[in-house]
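A short worksheet on the structure shown next.
The values are calculated or read from the model by the stated rules, or taken from the named source; none is laboratory data. Owing to the predicted nature of the structure, the values given are computational and were not obtained by experimental measurement. Don't worry about glycine lacking a Cβ; one is built from the backbone with ideal geometry, like all the others, and counts go over all protein chains shown.
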């Protein structure tokens, strides 16, 4: 998997930083959040963010004046996070095969559907915190494609290629993840309202 993509043509709207330390401060929260949503482990996300900035330092001559430095960093953070997850997924698969646990990669289509506008109403800082907590409760095979699709705007077919699973599985996992997330958020909202009364 390529973890050094070409600079994307998406302007960040930020003025070029004077030095690498300033550059790193401008983007460290975005890089960490991108990774943490995928790997669901703050310590691992910090390690990945450090790797991202090592690569950024190596390319700083180019990035310092690039209007799309943020897009480049986000892509590298996403790719390194996926590499990290693939490594652990392969290790888990190796051990799970001993138990005869063979899951069908082409899971059947689910009967329910979550609305495409599910995330539109989530705009307050409190609700964003609920989403982050809810995401952390999802299993990797659901959380990762959901984050890539809804938060990173990566299309289904690209997610399928990056994760090395079928397109049908990607769609099914995202649908199930959205439904599970909706239930978790509904419970959190209900608990919040009960406490307010």
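Would you mind stating whether residue 136 is loosely packed, with under 13 Cβ neighbours inside 10 Å, in a helix (DSSP H, G or I) and modelled with pLDDT under 90? Spell out the reasoning first.
Numbers: loosely packed, with under 13 Cβ neighbours inside 10 Å: no; in a helix (DSSP H, G or I): yes; modelled with pLDDT under 90: yes.
So residue 136 fails the test.
A quick yes/no check of all residues on (1) at pLDDT 90 or above; (2) surrounded by fewer than 16 Cβ atoms within 10 Å (Cβ to Cβ); (3) in contact with a helix residue (DSSP H, G or I) (Cβ under 7 Å, 6 or more places away or on another chain):
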site: 15; (1), (2), (3): no, yes, no
site: 21; (1), (2), (3): yes, yes, no
site: 29; (1), (2), (3): yes, yes, no
site: 36; (1), (2), (3): yes, no, yes
site: 48; (1), (2), (3): yes, no, yes
site: 55; (1), (2), (3): yes, no, yes
site: 58; (1), (2), (3): yes, yes, no
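Report the residue count in the stretch 159-177 for those that are assigned to a helix (DSSP H, G or I), in contact with a helix residue (DSSP H, G or I) (Cβ under 8 Å, 6 or more places away or on another chain) and exposed (fewer than 15 other Cβ atoms within 10 Å of the Cβ).
Looking only at that region, the number is 1.
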